[in-house]
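First comes the structure, then the notes that go with it.
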Amino acid sequence: MYRTHTNGELRLPDAGKEVCLCGWVQRSRDLGGMTFVDLRDRYGITQIVFNMETDADLCAKARTLGREFVIQVKGIVAERSNKNLKIPTGEIEILAKEINILNPAKTPPFTIEDHSDGGDELRMKYRYLDLRRDCVRKNLELRHRLSIEIRKYMDAQGFMEIETPFLVKSTPEGARDFVVPSRMNPGEFYALPQSPQQYKQLLMVAGMDRYFQIVRCFRDEDLRADRQPEFTQLDCEMAFVEQEDVLQTFEGLIRHLFRVEKGIELPPLPRMSWQTAMDKYGSDKPDIRFGMEFTALKDVFPQGKFSIFDQSEWIGGICVPGAAEYTRKQLDELTEFVKRPQVGATGLIYIKCNADGSFKSSIDKFFGAEELKAVAQACQAKAGDLILIMAGKAAKTKTALGVLRLEMGNRLGLRDPFNYKVLWVVDFPLLEWDEEAGRFFAMHHPFTAPKPEDDALLETDPGKVRANAYDMVINGVEVGGGSIRIHDKSLQARMFKALGFSDEEAQAQFGFLMNAFEFGAPPHGGLAFGFDRLCALFGGADSIRDYIAFPKNNAGRDTMSESPSPISEAQLKELCIKVNL
Ligand code: ASP
């Protein structure tokens, strides 16, 4: 037997026991007559003591131990005179009687501590060492607990976990596919699934009724901190349901997770229409941890005084509480912030509501005190507040003001990651016009059903059709989304038509799903959660990377295994692939 206990287990009542422990040397300290070793494993740290007086040979051996050596120690549990109450095993230590070096180790390239001296790149290259750090391991433990709780809840609700294929047909709708050449079918390719969408719908046709899967998905997109080329979804589908059933079921899931993991009893989730989210927050994933909602100002400013306003389709403002004291420099900084290409605004207008009731603004030349006062009133600004205003094309300006709102939320410390605010955003538009392509795209995906009351608009005013689609948003992050699906072949055909597909194109790409719908497809709907994001949110972090055991970097590379990598001529030949770079 390698060990009798783990390094996180022994306590004062164990004193006197003869034990055997294994683990990695966190550090060792040589104090002349005594040598202390902190022994670490996944469960904790236990202090081992070697005494020069009682066993000089053993003590000498202990002094040869380097960081991260793997050792086995036999000894007696004893009460510590110098207790460390910061760790659970801090009241005891092991008086060593025997030590076996199971494996020596090279000095690690960075310290295995919460505050490591290793930079991001180095830690990713040696991710197996990074994972030894408490703070990273804890993230994976959280992930594990959430996946277990999800499975418990889904099982209790009658959902069945079913695996769907990873080698699937490439479909151009949606994000870019990762493709896999087929050796047995030269010149033909599989794609890795962006999601199991079509398969889960087929499972509904197959009568499975309630399906779920915690499943890897692949999208060949440009990466950001919260995106990985492969990521994990909790994917779900239900038959014989309406939108309300789906919302209730997954509201139940999220409440369950918050209850068991955080001890938080969530209030019933508020619902906000997509239109309201865009009008009030400039985002389809509003962060409702703080106010600063938009006030529409087009009708508040008098016409004919300021040509920029006259020409603007939309004018909106946010009231930043207590920020009237902002200096010229701070305001310039904000203007620079909104002018960055990522935000894309042309400028920023401010009105300071001074403590003495006067106003100071960047549009003093155009508007008098009474007019500014009316704006302040519309924005419900108080003395001491700062109003920030943007004007221009409606959609673009709202989005830009939304980004500024979040920035002001950050600056005022209003975005505490552990203050959870969860909501549903509903009534998304079905279609989205793409200027470049000159056609509509499905906002969610081409299988999403229009709201029955908007059905007739599909041919007459497609941009106006709302979908039975919904997103769950937590703290300004979209954690899940789904829709009620089209289960009727003729409606699906109309949808493809609205997307500009010919019958042949639709048949070539989605024929297998459409054909299946002719064999008795039940009404159905579902959704998928981004599981990595959910874990990061529960952990209070922005980046999903630390919640994935072996993530890719921003260039989509695994620097540890050095993938992607070239393959041999022979492999290419076998796959009938010619590469001309
Ligand atoms: N398959 C969709 C997605 O990955 C989710 C769904 O509609 O269920 O976003």
*Over the range 259-378, average the accessible area per residue using a 1.4 Å probe and give it in Å², no decimals.*
53
*Give the angle, between 0 and 90 degrees and rounded to the nearest 10, that separates the Cα long axis of helix 503-516 from the longest principal axis of the Cα atoms of the chain.*
60
*Around Ala449, which amide H atoms from residues at least 5 apart in sequence, or from another chain, sit under 5 Å from its own amide H, with H modelled in the peptide plane?*
Asn468, Ile484, Arg485, Ile486
*Along the positive direction of the dipole of the range 1-155 (beta-carbon charges: Lys, Arg +1; Asp, Glu -1; about the Cα centre), which of Ser147, Gly44, Val73 reaches farthest?*
Ser147
*Ordering Glu91, Glu569 from largest to smallest accessible area (1.4 angstrom probe), what's the sequence?*
Glu569, Glu91
_Based on alpha-carbon centroids, what's the gap between the range 455-479 and the range 391-427 in Å, whole number please?_
19
*Which whole-number percent gives the relative contact order of the range 182-295, counting Cα pairs below 8 Å spaced six or more residues apart?*
16
*Report, to the nearest 10°, how far helix 489-498 tilts away from the longest principal axis of the Cα atoms in the chain, using its own Cα long axis and a range of 0 to 90°.*
80
*With every protein chain left in place, what is the accessible area of His144 in Å² (1.4 Å probe, nearest 10)?*
110
_Thr164, Thr346, Thr46, Thr4, ranked by accessible area, largest first (probe 1.4 Å)_ = Thr346, Thr4, Thr164, Thr46
*Measure off, as a whole percent, the carbon and sulfur share of the 1.4 Å-probe accessible area of the range 171-219, all protein chains present.*
52
*asked:* Please list 3J(HN,Hα) in residue order for the range 269-274, calculated via the Karplus relation 6.51 cos²θ - 1.76 cosθ + 1.60 where θ = phi - 60°; whole Hz, with x for glycine and proline.
replied: 6, x, 10, 10, 6, 4
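I need the GluC sites (Glu not before Pro) found in the range 425-473, filtered to DSSP loop residues with at most 10 other beta carbons within 10 Å of theirs.
On the way: sites: Glu432, Glu435, Glu436, Glu453, Glu459; in loops: Glu435, Glu436.
Passing sites in the range 425-473 are Glu435, Glu436.
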*HN-Hα J couplings of the range 539-550 from phi, Karplus 6.51/-1.76/1.60, θ = phi - 60°, integer Hz, Gly and Pro as x?*
x, x, 10, 7, 8, 7, 4, 7, 10, 10, 4, 10
*Could you please state how large a percent of the accessible area of the range 452-575 is carbon and sulfur, counting protein chains only and using a 1.4 Å probe?*
53
*For the range 133-273, build the convex hull from the C-alpha positions and give me its volume per residue in Å³.*
175
*Under the Karplus curve 6.51 cos²θ - 1.76 cosθ + 1.60, θ = phi - 60°, whole-Hz ³J(HN,Hα) for the range 85-90, x wherever Gly or Pro sits*: 7, 7, 10, x, 9, x
*asked:* Report the gain in length on full extension from Arg340 to Arg411: 0.36 nm times residue separation, minus Cα-Cα distance, nm rounded to one decimal.
replied: 23.8 nm
*Which translational diffusion coefficient, to the nearest whole µm²/s, is obtained for the range 414-488 from the Stokes-Einstein equation, given a Kirkwood hydrodynamic radius over C-alpha pairs, 37 °C and 0.692 mPa s?*
241
*Amide H of Ser273: which non-local residues (sequence gap of 5 or more, or other chain) have their own amide H closer than 5 Å, using H built in the peptide plane?*
Val426
_For Ser195, solvent-accessible area (1.4 Å; no DNA, RNA or ligand), Å²_ = 40
*Phe159 long-range amide H proximity, modeled H, under 5 Å*: none
_Pairwise Cα inverse-distance average, inverted: Kirkwood Rh of the chain (Å)_ = 28.4
_With +1 on the Cβ of every Lys and Arg and -1 on the Cβ of every Asp and Glu, and nothing else charged, how large is the dipole of the chain about its Cα centre, in debye rounded to the nearest 20?_
1400
*Count, lysine Cα pairs under 26 Å in the range 64-129, 8 or more residues apart or across chains*: 7
*Roughly how tilted is helix 243-257, in degrees to the nearest 10 and between 0 and 90, from the longest Cα axis of the chain?*
30
*What ranking of Tyr350, Tyr126 comes out by heavy-atom accessible area, probe 1.4 Å, highest first?*
Tyr126, Tyr350
*Can you give the accessible area of Trp433, probe radius 1.4 Å, in Å² rounded to 10?*
130
*State the answer as a single residue: which of Leu406, Met472, Phe441 lies farthest towards the positive end of the charge dipole of the range 405-518, with beta carbon charges of +1 for Lys and Arg and -1 for Asp and Glu, about the Cα centre.*
Leu406
*Find the lysine pairs in the range 182-305 meeting two conditions, Cα atoms under 29 Å apart and a separation of 8 or more places or different chains, and report how many there are.*
5
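The values are calculated or read from the model by the stated rules, or taken from the named source; none is laboratory data. All of these numbers come straight from a predicted model, not from anything done at the bench. In this analysis, Cβ positions are derived from the backbone assuming ideal geometry, glycine residues included, and neighbour counts consider all displayed protein chains. Only protein heavy atoms, including side chains, enter the accessible area calculation; ligands, DNA and RNA are left aside. Shrake-Rupley method; radii C 1.70, N 1.55, O 1.52, S 1.80 Å.
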